[in-house]
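Here is the structure we will look at.
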């Protein structure tokens, strides 16, 4: 099972963590989040109820093109473009070239887990 772990941390903490990794001072563990958001609000925008329903639809129905996804979802292409591109940018979905050069949406994960430490543990996770 392929799992995407998501973390939430302030931008400055994420930047400091990234720099520590780049300098070789910190090695991320295999169970640590691979995708980070700067706030719960930004995470909620990308993984809104409507977008999660779209992810579920892609998994369940496996549309062969964006036109097919449009039909299955009942949403106009203009209402699909922005959320699909946003989810693709974060790696939540993939848009791969399918038959006849049509873009085919795919979900590369079986599960998404949210790591949300609170209190002093939150600061330790980012600086450890």
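With coordinates expressed along the principal axes, the C-alpha atoms belonging to the chain extend over 47, 26, 25 Å, beginning with the largest. Rounded to the nearest 10 degrees, what's the angle between the helix 49-61 long axis and the longest principal axis of the chain, both from Cα atoms, 0 to 90? The angle comes out near 60 degrees. Helix 11-22 and the longest principal axis of the Cα set of the chain meet at an angle near 80°.
The DSSP beta bridges internal to the chain are antiparallel in roughly 35% of cases.
Between residue 112 and residue 78, residue separation times 0.36 nm minus the direct Cα-Cα distance comes to 9.6 nm. When the chain is treated as a Gaussian network with alpha carbon springs shorter than 10 Å, the biggest mean-square fluctuation among 25, 70, 97 belongs to 25.
None of the figures in this text is laboratory data; all of them are computed from the coordinates on show. Here the structure is a predicted model, which is why all the values come from computation and not from measurement.
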